[in-house]
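> Take this structure first; my questions come after.
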Amino acid sequence: MILNLIILFLGSHAASASNTLFPGQPLSGSETLVSENGIFELGFFSPSGTKHYLGIRYKNITSSNPVNFWLGNRIPITNFLNATLYIDAGELYIEELGSVLWTSNSMKNASDTAVAVILNTGNFVVRDQLNSSMVVWQSFDHPADALLPGAWLGLDMVIGANILLTLYKPPYNCTLMIDQSRKRGFIMFIDGHDYLGTFPDWMVTYEENGSLVRLNDPEIPNEIEFMKLHLGQGFPDNPQNVTAATSEECQAACLSECFCAAYSYHSGCKIWHSMLLNLTLADNPPYTEIYMRIGSPNKSRLHILVFILIFGSIAVILVMLMLLLIYKKRSSCVASQAKMEGFLAVYSYAQVKKATRNLSDKLGEGSFGSVFKGTIAGSTIVAVKKLKGLGHTEKQFRTEVQTVGMIQHTNLVRLLGFCTGGTRRLLVYEYMPNGSLDSHLFSETSRVLSWNLRHRIVIGIARGLAYLHEECRDSIIHCDIKPENILLDAELCPKIADFGMAKLLGREFSAVLTSIRGTIGYLAPEWISGQPITYKADVYSFGVLLFEIISGRRSTEKIQHGNHRYFPLYAAAKVNEGDVLCLLDDRLEGNASLKELDVACRVACWCIQDDEIHRPSMRQVIHMLEGIVGVELPPIPASFQNLMDGYDSDLYSVEV
């Protein structure tokens, strides 16, 4: 694991600038707000010298690599001098050249006189001007990759959201969230894989019955000054040799320097300033000892202690307070002539028509619109989806499409840009050369997918759904999981399409979804009964899809196997009888791992249980499919039979 550790000690400094953003007084360009104690400032900052972002940082920092706490969904500002932050009726807005790039979406109504204040803790809050306890929005509820002392992670009952940290640093996609099942536990997700860790008790305090973990302030008495680490591959980079006769003198030399991050005494004294790079931990000898500084006996000088972890490739999880954002640059496939709005390219309708040759090369039509093949930036092939219906207003659509555009995962189709104007709503996606999964499963002319490939595809789909459900800042329910919405790239890696449509279509989403008769076999019973829809509806659809991947046949086909007229019901019965090989696609001629097949069939049965309480989460599905946990024999669900009895038989038109 590569550990980049920064320890920063900042003294109090009197503030000369305002700490408050008032209505009608926007913050522009290089202007900043400064906390009353002079420690924090808020403004548009540039980590790389090019694009700027709204963030909070330490005002009097002298490091060449300052720590920033990004706000505004990390929306990049391309025209720095023409960007403004302002407050209106309790809502924060980032605007550039007249276009709103981001709004705070405060959770409750605020007065027209509400103000935004950067507090002495570094928390940026929107609150009533007369009643400071009436806070309607705060940055501590929306961390990006960094966490300040006093901030929190976990399930916030007030806003009803799971607060977590995220890092996008190619080739990694990382998320840190609280593990509610373990005291001081956390889970780190790295590109679909999860790793467990535990915060030391001095670092965090539990609140709200353990649902929230608050980061302790280092000013709280702390007897620990150094943490001993065992390194497996020598010393970190860039050590500085210091004259010291003993380990105690070496430690004293480190304590005497404000920015000393660690020391080691091994045939001489070495210390490191600000950063520790290239740390590989070792559980067993031989190893090298290094002492990482985490406290100071001089409490009057200690104002802030920040750890930054950058993830490496080994599966050893260290204590973690915050993640460092390395902004993921836009893909080279974005057309140079397209304007940028946040993370996405904005195309005119003329550009889209030219790229798609007047929408002439139609790839297919799904539940939410038609898809056309196009070419941008000269040679980059894209897929353009023309949405049905108007959905949101143009302003709302732009806001929601920015949210969807930030969702990126190996197993999700990437949104590159969009076009909006009048009644037109078009989305530009990366192109998937191997088409949709249904063309490979159900076509007699396509090549047969091997069992190993099917198993890999299933796990990839599960990881994509787990990311949508558990790792996005706002949990996303797909609502339309089926083979047509699983696309395959050049390496046959599965990618989920059409996620986030509920955000983009607004009230029209449910009407569009339930009017698609061919989708009905994938809908959970709660869709039919009118019960509230949760992420477990996606789990149900995944179970149906899993049976189709196993068998190579549509689950909506009618069959005649004894008393069973519906394949999933027949499959559930066979799973309980222990006869799963008969469910395998005949074209595979029995070439499959019987153990993996049995587990996959059991998982599918658990996913399609009538009561959502009995369905597993997608994270549990991954663990079962990968053999991390066992899978009990599931009961036979009755939901498919109920669907058959409740709908006209022409919904299921194929007799076999």
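The values are calculated or read from the model by the stated rules, or taken from the named source; none is laboratory data. Bear in mind the structure is a predicted one, so any value in this text is a computation, not a measurement. Glycine gets a Cβ as well: all are built from the backbone with ideal geometry, and neighbour counts include every protein chain shown.
> Please count how many residues of the stretch 430-487 are more than 17 Å from I550 (Cβ to Cβ) and among the β-branched types (V, I, T).
Of the residues in that region, 3 qualify.
> Out of the residues in the stretch 352-372 meeting the condition of being assigned to a loop (DSSP other than H, G, I, E, B) and in contact (Cβ under 8 Å) with a residue 12 or more places away in the chain, tell me which one is surrounded by the fewest Cβ atoms within 10 Å (Cβ to Cβ). Full working, then the answer.
Step one: of the stretch 352-372, the residues assigned to a loop (DSSP other than H, G, I, E, B) are 356-361, 367-368.
If we keep only those that are in contact (Cβ under 8 Å) with a residue 12 or more places away in the chain as well, we get 356-357, 359-361, 367-368.
On the way: T356: 22, R357: 12, L359: 16, S360: 10, D361: 13, S367: 20, F368: 26.
By that ranking, first place goes to S360.
> Take L85 and tell me if it is within 24 Å of F40 (Cα to Cα) and modelled with pLDDT under 80.
No; evaluated as a whole, the condition is false for this residue.
> Looking at (1) aromatic (F, W, Y); (2) modelled with pLDDT under 70; (3) closer than 20 Å to T410 by Cα, find the lone condition where F542 falls short.
Answer for F542: the failing condition is (2).
> OK, next. Residues that are surrounded by 14 or more Cβ atoms within 10 Å (Cβ to Cβ) and at pLDDT 90 or above: find the helices (runs of 4 or more DSSP H) completely inside the stretch 547-656 holding 2 or more of those.
594-607, 618-625
> Is it true that some residue in the stretch 473-488 is β-branched (V, I, T), touching a Gly at 6+ places or on another chain (Cβ under 8 Å), crowded, with 19+ Cβ neighbours inside 10 Å and assigned to a helix (DSSP H, G or I)?
no
> Going by what's in this entry, would Y347 be described as surrounded by 15 or more Cβ atoms within 10 Å (Cβ to Cβ), over 18 Å from M432 (Cα atoms) and either modelled with pLDDT under 75 or in contact with a Pro (Cβ under 8 Å, 6 or more places away or on another chain) (or both)?
Judged against the criteria, Y347 is not a match.
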